[in-house]
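Accompanying notes for the structure given below.
The values are calculated or read from the model by the stated rules, or taken from the named source; none is laboratory data. Source: prediction; values computed, not measured. Glycine gets a Cβ as well: all are built from the backbone with ideal geometry, and neighbour counts include every protein chain shown.
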Amino acid sequence: MFTPIHVAQTLLKIRQNNPLIHNITNMVVMQFTANILLSLGASPAMINAKEEVQEFVQKAKALVINLGTISAPQAQAILLAVKTASEHQIPWVMDPVGVGACTYRSQIAVELLNYHPTTIRGNASEIIALYHYYTKQVTHHTGHGVDSKDQPEHALDAAKKLALSCQTIVSISGQTDYITNGHQTIQVKNGHVMMTKVTGVGCSASAITAACLAIEPDALAASAHAMVLIGTAGDIAMKQAKGPGSLQIALLDTLYLLNEEQLLHYAKIQLAKEG
Amino acid sequence: MFTPIHVAQTLLKIRQNNPLIHNITNMVVMQFTANILLSLGASPAMINAKEEVQEFVQKAKALVINLGTISAPQAQAILLAVKTASEHQIPWVMDPVGVGACTYRSQIAVELLNYHPTTIRGNASEIIALYHYYTKQVTHHTGHGVDSKDQPEHALDAAKKLALSCQTIVSISGQTDYITNGHQTIQVKNGHVMMTKVTGVGCSASAITAACLAIEPDALAASAHAMVLIGTAGDIAMKQAKGPGSLQIALLDTLYLLNEEQLLHYAKIQLAKEG
Amino acid sequence: MFTPIHVAQTLLKIRQNNPLIHNITNMVVMQFTANILLSLGASPAMINAKEEVQEFVQKAKALVINLGTISAPQAQAILLAVKTASEHQIPWVMDPVGVGACTYRSQIAVELLNYHPTTIRGNASEIIALYHYYTKQVTHHTGHGVDSKDQPEHALDAAKKLALSCQTIVSISGQTDYITNGHQTIQVKNGHVMMTKVTGVGCSASAITAACLAIEPDALAASAHAMVLIGTAGDIAMKQAKGPGSLQIALLDTLYLLNEEQLLHYAKIQLAKEG
């Protein structure tokens, strides 16, 4: 399940099935996320009003919840959406953007854990903060914003405990990505640091994770394949990019054109030894 | 009215007059829509609070209403805006994004028909769904999202009936675009399928329709010219695009540089035989 | 303080310190603004819910308030944010987008002046309108939208009076930018008219101003350096741009790669004679 050829099969299935992915995401990345999903071969929808989400989630093959610009009305819609997803066994991804930086969103993130996210995908700081909030270990907040200040390796312990306790997959993005169910951990070593200079690349990884979950029932494999897809696209896109502006565009082009041969050449995915 | 030279004249008038286009649109495409209008030569404004829309609509030369991320507060602002546009005879375009996919927005779309949109521009699935809702023929919803699952030809009958009944222009985008007032139907065969892999191209077609309506009093011609402008820009942009990312950028560059010679060479516009 | 070498030092400090910039901005430009700040070397956050802004502002090194898509809930969050910034002496920039075009936002902008913006950055029409509202000289509104219809020179008198009266810096962008504290005025002659055809370039100038204020305590210098940075990036980006689409991308790449040598070559900054 954890080889480049399996990633290529997942990509092919997405393109063949064009799964509808429902995104309730932040206002900063809505356009880029929709474009990433279109380039990948999925069908994005960004419906986020409380009047519509319950009806729409049921049509979707997967749901993305991203807390980047959470507000009270959006929190209400998100709760309705994840309850519906949970009831209808629609896979859903939680992207805990900025958890640890603000109390409000941290509390919402912990509440959402009750609705069984299939995968939680965040950077190291977010995963550490989420685990601390979940286990009520937090008495103060981190001093920074939405960019990670921790190495993924330092979040791995929190990720495994969170995965076991919530029966979910936790996917930490960083120089090496770690994707774990608590028992097994997959390493993905694709991607380039300049991707952190394009807003929404992390959020796109969450959206791609949802697209993979929509067609691949093994959630650990689907979540790992997603990190290979975005990371490999980044590796290839970097060959054309002059800076973060052209990288953003090249990512979309590359994802659209990504093929099995490229995946076999570039993908760096393996079971972590400690897994 | 329906020749490439007329389209070139419309484009020239937009550039000369720089009409102010008021957009109440979805959060996914706000940036791209504003950039499309700037590249075209119009002046976009994206004001959408209920406190401001009535005052601002009166200054605009045309209004765009797009339901892509409709919510209760936005619905309130939209109603105020279309009432004002209707009272002041300011042309307005309705883009019924996702109508048929959710009950809430479908009901709002039907309610908006009372305020006489100058043009309704959508994909085939949206036009079919809107007509069915309008005539109360719907008992269930379509199973998909915002991407069209129908061919434009199959929406033409609904489009003509809707146009006649609401005294509006209906513009269906697809491989062939059909623009009809119910009596006459114009065909536009420009554009490329990769444009459906860039989010907001349809919404941009609606914004360009508004810009054309701002300076061309014949609404059927204005609405057809708009589809030629976006379609021709797409045809030319495809020569530079490697994928959906670079296509998005090339569309803006091409629209900015689009000239009469290119329009005479590329534009494929004609009266449909059955019109 | 007002030489290209000082601008280069400011840029270097931003890259070294990666200051957290809190943006409460309009929905059109959120993505582009975040990308501009990332390319510059700052760390953007776009948190804008009333539940979160007070807590978050205190962590930020500077705050941007942009009125482009103001609504009642956002106005509430903005008031909380600027009060907090003012109490904690966190520098903040007001971008009065569209002031003069709508009464509601014009009144909010005047109210915000009570909380001592460090810098007000807008186009000539906005600065003139803001000054007139502030001094209660307005009896009617301007007839246009968010694009400036005035030359920066014509706003200089209003800018100086506003700066003196509110003890703030006023930064007017245009063919020549004027940055004034009422006593001294700096001229910046960088930039290209095609930058007005990319939505959010003005808003990005405000965000860059905040990033400069975050690391440079002299607010007049910081505000002037920001205009040199965006203007110089524009001058260099124009060498690669075919139109507004590729200009937008080239701006991000250029800002990321901008170096001291380029600043010494391109920057056109000086004290205005009348200052």
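Let me spell it out: the conditions are (1) more than 14 Å from chain C (Cβ to nearest Cβ); (2) surrounded by fewer than 24 Cβ atoms within 10 Å (Cβ to Cβ); (3) at pLDDT 95 or above, and A:T139 meets all of them except one. Which number is the exception?
A:T139 satisfies all of (1) more than 14 Å from chain C (Cβ to nearest Cβ); (2) surrounded by fewer than 24 Cβ atoms within 10 Å (Cβ to Cβ); (3) at pLDDT 95 or above except (3).
Return the residues of region B:208-218 that are touching a Phe, Trp or Tyr at 6+ places or on another chain (Cβ under 9 Å) and within 14 Å of chain C (Cβ to nearest Cβ); say none if nothing qualifies.
Restricting attention to region B:208-218, the residues satisfying the condition of being touching a Phe, Trp or Tyr at 6+ places or on another chain (Cβ under 9 Å) are B:210, B:213.
Answer for region B:208-218, where residues must be touching a Phe, Trp or Tyr at 6+ places or on another chain (Cβ under 9 Å) and within 14 Å of chain C (Cβ to nearest Cβ): just B:A210.
State whether the residues of region B:154-173 include one that is at pLDDT below 95 and not aliphatic (A, V, I, L, M).
Taking every residue of region B:154-173 in turn, at least one turns out to be at pLDDT below 95 and not aliphatic (A, V, I, L, M).
With the structure loaded, tell me whether B:K242 is away from every other protein chain (no Cβ under 13 Å) and either surrounded by fewer than 24 Cβ atoms within 10 Å (Cβ to Cβ) or not in a helix (DSSP H, G or I) (or both) or whether it fails that test.
no
Could you pull out the residue among C:D177, C:D95 that is modelled with pLDDT of 95 or more, within 20 Å of B:A45 (Cβ to Cβ), surrounded by 21 or more Cβ atoms within 10 Å (Cβ to Cβ) and more than 14 Å from chain B (Cβ to nearest Cβ)?
Checking each option against the conditions leaves just C:D95.
Just to be sure I understand the filter: pairs with C-beta atoms under 7 Å, separated by 6 or more residues or on different chains, first member in region B:244-266 and within 14 Å of B:K197 (Cβ to Cβ), second member basic (K, R) and assigned to a helix (DSSP H, G or I). Which pairs pass?
B:P244/B:K197
Looking only at residues in region C:73-92 that are in a loop (DSSP other than H, G, I, E, B) and either in contact with a Leu (Cβ under 9 Å, 6 or more places away or on another chain) or of a type in the set (A, V, I, L, M, F, W, C) (or both), which one is surrounded by the most Cβ atoms within 10 Å (Cβ to Cβ)?
Looking at residues that are in a loop (DSSP other than H, G, I, E, B) and either in contact with a Leu (Cβ under 9 Å, 6 or more places away or on another chain) or of a type in the set (A, V, I, L, M, F, W, C) (or both), I get C:P91.
Taking the options A:V146, A:V201, name whichever one is at pLDDT below 95, closer than 24 Å to C:S39 by Cβ and of a type in the set (V, I, T).
Values: A:V201 fails: at pLDDT below 95.
On inspection, the qualifying residue turns out to be A:V146.
Restricting to region C:11-37, what's the tally of residues that are under 25 Å from C:P244 (Cα atoms), within 7 Å of another protein chain (Cβ to nearest Cβ) and in contact (Cβ under 8 Å) with a residue 40 or more places away in the chain?
Selection size over region C:11-37: 5.
Within region B:265-275, is there a residue that is hydroxyl-bearing (S, T, Y), outside any helix (DSSP H, G or I) and more than 14 Å from chain C (Cβ to nearest Cβ)?
There is no residue in region B:265-275 that is hydroxyl-bearing (S, T, Y), outside any helix (DSSP H, G or I) and more than 14 Å from chain C (Cβ to nearest Cβ).
I'd like the residue in region C:184-207 that is within 14 Å of chain B (Cβ to nearest Cβ) and in a loop (DSSP other than H, G, I, E, B) and, out of all such residues, is farthest from B:M46 (Cα to Cα).
Once the filter is applied, the top-ranked residue is C:H192.
Results for (1) touching a Pro at 6+ places or on another chain (Cβ under 9 Å); (2) part of a loop (DSSP other than H, G, I, E, B); (3) free of Cβ contacts under 8 Å to residues at least 40 places away in the same chain; (4) under 24 Å from B:L79 (Cα atoms), shown as yes or no for each residue.
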| site | (1), (2), (3), (4) |
| --- | --- |
| B:V97 | no, yes, no, yes |
| B:A109 | yes, no, no, yes |
| B:L112 | yes, no, no, yes |
| B:I120 | yes, no, no, yes |
| B:V146 | yes, yes, no, yes |
| B:D150 | no, yes, yes, no |
| B:L162 | no, no, no, yes |
| B:S171 | no, no, no, yes |
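If we keep just the residues of region C:122-137 that are out of contact with any Pro (no Cβ under 9 Å at 6 or more places or on another chain) and among the β-branched types (V, I, T), which is nearest to C:I65 (Cα to Cα)?
C:I128
Exactly one condition in (1) outside any loop (DSSP other than H, G, I, E, B); (2) surrounded by fewer than 24 Cβ atoms within 10 Å (Cβ to Cβ) is false for B:L229; which is it?
(2)
If C:A221 meets every condition in (1) at the interface with another protein chain (Cβ under 10 Å from one of its Cβ atoms); (2) touching a His at 6+ places or on another chain (Cβ under 9 Å); (3) within 23 Å of C:K61 (Cβ to Cβ) apart from one, which number is that one?
(1)
Give region C:106-121 a look and list any residue that's over 17 Å from the mean Cα position of the chain (by Cα) and under 14 Å from C:N66 (Cβ atoms), or say none.
Once the filter is applied, which keeps residues that are over 17 Å from the mean Cα position of the chain (by Cα) and under 14 Å from C:N66 (Cβ atoms), region C:106-121 yields only C:I108.
Does region A:264-275 contain at least one residue that is surrounded by 17 or more Cβ atoms within 10 Å (Cβ to Cβ) and over 25 Å from A:T185 (Cα atoms)?
Checked against the condition, which is being surrounded by 17 or more Cβ atoms within 10 Å (Cβ to Cβ) and over 25 Å from A:T185 (Cα atoms), region A:264-275 yields no hits at all.
Of the residues that sit in region C:39-68 and are over 25 Å from C:D253 (Cα atoms) and basic (K, R), which one is farthest from the chain's Cα centre (by Cα)?
Here the residue is C:K50.
Would you confirm whether any residue within region C:45-59 is free of Cβ contacts under 8 Å to residues at least 40 places away in the same chain, at the interface with chain A (Cβ under 9 Å from one of its Cβ atoms) and on the phi > 0 side of the Ramachandran plot?
The answer is no; no qualifying residue exists.
Assess whether C:I208 counts as being at pLDDT 95 or above, crowded, with 24+ Cβ neighbours inside 10 Å and in contact with a strand residue (DSSP E or B) (Cβ under 6 Å, 6 or more places away or on another chain).
No: the conditions fail for C:I208.
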